[in-house]
Amino acid sequence: GLVQQAEGGSAPTGAAGLTATELRRALDPRVHERVADQYQLLNEVLTPLLEQEGIRFIPRHAWSPEQRAWLHDYFRQELRPVLSPLSLDPAHPFPRILNKSLNFIIDLDGKDAFGRESGIAVVQAPRALPRLIRLPQKICDDNPYHFVFLSSVIHAHVNELFAGMQVQGCYQFRVTRNSDLFVDVEEVDDLRRALEGELLSRRYGDAVRLETAPDCPQGMIDYLLAQFELTTDSLYKVDGPVNLGRLEAIYDLVDRPDHKYRPFTPGLPAKWTLSHDIFDLIAREDLLLHHPYESFLPVSEFVRQAANDPAVLSIRQTLYRTGPDSAIVDALVAAARAGKEVTVAIELRARFDEEANIALARRLEEAGAHVVYGVVGYKTHAKLILILRREKGQLRHYAHLGTGNYHPKTARFYTDYGLFTADQEICDDLYSVFLQLTAAGEVREHRLLLHSPFDLHSGLLQRIEREIEHANAGRSARIVIKVNSLVEPALIEALYRASNAGVQVDLIVRGMCALRPGVPGASENIRVRSVVGRFLEHSRVFYFHNGGDEEIFGASADWMERNLFRRVETAFPIRAAHLRSRVIQELERYLADQCNAWTMQADGSYLPPEKPGDGSVCAQQQLLESLAERG
């Protein structure tokens with residue numbers, strides 16, 4: 001995005017007032033430093049630690065004769081048949097390189113069977129090939145966990161792909177391309193069809209980064225930069241595999257339970273087993289689930305029962321990311337086929353899930369559901385279900401509002417809250433949100449929900465100002481915010497004002513945070529921490545003390561401009577006193593965490609977690625023990 005803005009000559013933006021070109025110039029050296037840090041961590045910390053446990057990555061120069069022979073057979077049987085070497089000449093121009101694929105540029109000498117002298121060739125490694133190859137235990141000195149990188153095997157045997165020629169050098173490289181899909185929403189008649197057309201070209205978008213082996217000769221580097229129309233600012237020489245993410249495979253390849261988290265079964269609160277009628281449970285009281293400690297199954301069951309219940313008239317739901325095998329989607333399809341009114345707002349532009357969501361939309365439409373793609377120009381990011389049921393001659397709504405996606409897989413390792421409620425004020429607001437998504441009309445004022453792009457931002461500012469008023473009047477004042485990112489300038493400035501007024505502000509921000517805590521005269525009453533542990537902290541929670549009349553919201557939105565002004569988001573109140581008390585207690589655990597919490601300093605740096613001792617607070621572990629073992 002920054003590259004596109006720079007090419008378009010964008011005007012100065014953001015709090016720093018820099019143009020995209022100026023911002024990129026300032027960022028480039030820092031990004032290069034971070035990449036160097038990654039590989040230093042891999043080579044100097046993680047790899048030695050793994051070796052201490054008998055888990056080794058064997059470099060080519062250390063292969064034993066037996067390993068070398070086995071890998072030679074492996075190359076001939078498993079790799080060579082699927083590799084397609086390409087010598088470059090006028091009849092074979094530089095190939096189209098897939099986004100983030102593993103490739104090798106080869107320096108050749110000699111003539112081929114047709115008498116051609118190429119000098120340069122390219123070998124592309126199909127993505128289906130494993131990047132880590134496990135060696136048989138019998139050739140590993142009785143150690144079962146010796147691995148070789150795919151790039152090393154190809155490098156060692158690449159000469160076999162060019163018979164009669166001499167390989168002077170073989171160097172891995174990878175190109176990263178712009179993966180944003182551009183659709184002029186004001187010019188298209190069918191958003192789905194337009195996105196389908198864009199998906200075809202995503203893998204070959206404009207190049208924005210080139211990664212090469214550290215020993216790649218400058219002549220080869222210059223050649224690659226020219227092919228991808230990049231400058232040296234976009235070049236990264238990496239000392240290791242070009243795709244570090246593929247190393248995650250080692251977790252499943254190594255059977256060492258002593259070095260893995262203990263498996264757990266998400267808890268199911270006892271009250272869920274007391275009745276088979278989920279609507280009866282929700283009608284009696286609001287219910288709150290905290291994933292992944294508590295099971296996602298009740299959410300799927302909510303929609304499944306609605307699909308099978310003859311008293312249910314309609315189901316409305318938003319879908320952002322769902323996964324390929326979703327019980328919720330199956331239930332929506334069944335409901336539509338049963339003749340219920342099913343309306344689904346699917347966000348087709350969920351990044352990297354566009355293709356899956358297009359297929360999902362088609363499946364729902366074929367079943368008879370009404371499918372809308374949200375609002376042109378605004379991503380639908382809210383997580384909402386609204387069910388209408390006829391009970392004793394009257395209509396009643398039931399709702400689920402969440403901070404995370406309706407995705408059973410991510411619900412296993414993302415922390416999120418989900419609220420079930422039959423509160424008619426909340427349900428009325430929710431009905432209004434769905435009307436805005438499906439039908440044209442004026443903005444409706446909500447009684448309880450905060451809703452972007454309309455009143456979420458202003459509602460948050462009003463509540464911060466209210467805490468300031470409490471502090472100025474000598475009353476206790478406190479704000480606790482838990483989000484993934486905090487970068488919106490007006491909210492940051494409001495928090496600074498709150499700090500100066502004496503409001504105690506605690507921020508749990510996992511990722512980006514543009515606020516600086518502990519700055520004299522600006523943010524002395526603000527603390528910032530980032531909790532990074534076994535689970536990805538994803539829930540958004542906003543707490544305002546409000547002079548003792550506490551107010552808590554769960555939300556789908558981070559404190560970013562895109563969430564507050566360019567997306568459809570909701571923040572929902574948690575009104576039941578016992579649920580508010582529970583969420584506050586869980587927030588306090590995060591604020592007391594000594595195991596996974598990184599503490600931000602006034603200069604923007606972070607201090608690592610304390611070394612845990614007996615009695616240390618580990619929020620995620622405590623929640624796992626208290627919630628996952630219930631029922």
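Compute the label zone of Asp277 within segment 414-446: residues whose backbone N is under 20 Å from the point 7 Å along Cα-to-Cβ. Within reach of a label on Asp277, which here means backbone N under 20 Å from a point 7 Å along Cα→Cβ, segment 414-446 contributes 420-424.
Over segment 258-382, accessible surface divided per residue gives 43 Å², non-protein components excluded, 1.4 Å probe. For the chain, the equivalent ellipsoid built from the Cα gyration tensor has semi-axes of 47, 30, 27 Å, listed from largest to smallest. Ordered from highest to lowest accessible area with the whole protein assembly present and a 1.4 Å probe, Asp107, Asp28, Asp614, Asp603 read as Asp614, Asp603, Asp107, Asp28. Of the solvent-accessible surface of the chain, computed with a 1.4 Å probe and all protein chains present, 49% belongs to carbon and sulfur.
What the Cβ-Cβ distance of Gln462 and Glu442 gives, at R0 = 25 Å and to the nearest 0.05, is a FRET efficiency of 0.70.
Rolling a 1.4 Å probe across the protein heavy atoms gives segment 570-631 an accessible surface of 51 Å² per residue. Applied to segment 302-309, the Karplus parametrisation 6.51 cos²θ - 1.76 cosθ + 1.60 on θ = phi - 60° returns per-residue 3J(HN,Hα) values of 4, 6, 5, 5, 5, 5, 9, 7 Hz, with x for Gly and Pro. Entry comment: accessible area of segment 8-97 is 65 Å² per residue, from protein heavy atoms only and a probe of 1.4 Å.
Take Ser616: with every protein chain present and a 1.4 Å probe, its accessible area is about 30 Å². Across the alpha-carbon atoms of segment 45-88, the computed radius of gyration and Dmax are 14.9, 45 angstrom. Modelled this way, with points 7 Å down the Cα-to-C-beta line, the labels at Asp233 and Ala473 are 5.3 nm from one another. Name the shape class, rounded, prolate or oblate, that the alpha-carbon gyration tensor gives for segment 565-631, where a ≥ b ≥ c are the square roots of its eigenvalues, rounded holds for a/c under 1.5, and otherwise prolate holds if a/b is larger than b/c and oblate otherwise. In terms of gyration-tensor shape, oblate. Compared with the direct C-alpha span, the chain from Tyr223 to Asp37 gains 64.3 nm at full extension, assuming 0.36 nm per residue. Legend: calculated FRET efficiency, Ala490 to Gln166, from the Cβ-Cβ distance at R0 = 56 Å, rounded to 0.05, equals 0.30.
For the chain, the share of DSSP beta bridges that are antiparallel, to the nearest 5, is 70%. Convex hull of alpha carbon positions in segment 329-450: directionally averaged projected area 8.8 nm².
Counting only alpha carbon atoms, the long axis of helix 577-592 and the longest principal axis of the chain meet at about 40°. For Asp558, the accessible area of its heavy atoms, probed at 1.4 Å with every protein chain present, is near 10 square angstrom. Among the cysteines of the chain, Cys140, Cys170, Cys216, Cys427, Cys513 have no other cysteine beta carbon within less than 4.7 Å of their own.
Run the numbers on the chain and let me know its relative contact order in percent, using alpha-carbon pairs under 8 Å that are six or more apart. Reported relative contact order: 10 percent. Computed with every protein chain present, the accessible area of His32 is close to 60 Å² [probe 1.4 Å].
Simple point charges give the picture: +1 on the Cβ of Lys and Arg, -1 on the Cβ of Asp and Glu, and for segment 284-390 a dipole about the Cα centre of about 260 debye. Entry note: segment 400-520 has Rg to Rh equal to 1.02, where both radii use alpha-carbon atoms and Rh is the Kirkwood radius.
Taking the average, over residues, of other Cβ atoms within 10 Å as the packing measure, peptides 295-303, 64-72, 455-463 rank 295-303, 455-463, 64-72 from highest down. The simple spin-label model puts a point 7 Å past each Cα toward its Cβ; for Arg60 and Tyr251 those points are separated by 3.1 nm.
Between Asp73 and Glu551, the modelled labels are 7.2 nm apart [label points 7 Å from Cα along Cα→Cβ]. Note on surface exposure: Tyr74, Tyr590, Tyr251 rank Tyr251, Tyr74, Tyr590 by accessible area, highest first, 1.4 Å probe.
The values are calculated or read from the model by the stated rules, or taken from the named source; none is laboratory data. Fair warning: this is a prediction, and the values are worked out from it, not measured in the lab. Note that each Cβ is placed from the backbone with ideal geometry, even for glycine, and that neighbours are counted across all protein chains shown. Just so you know, the surface numbers come from the protein's heavy atoms only, side chains and all, with ligands and any DNA or RNA stripped out. Shrake-Rupley method; radii C 1.70, N 1.55, O 1.52, S 1.80 Å.
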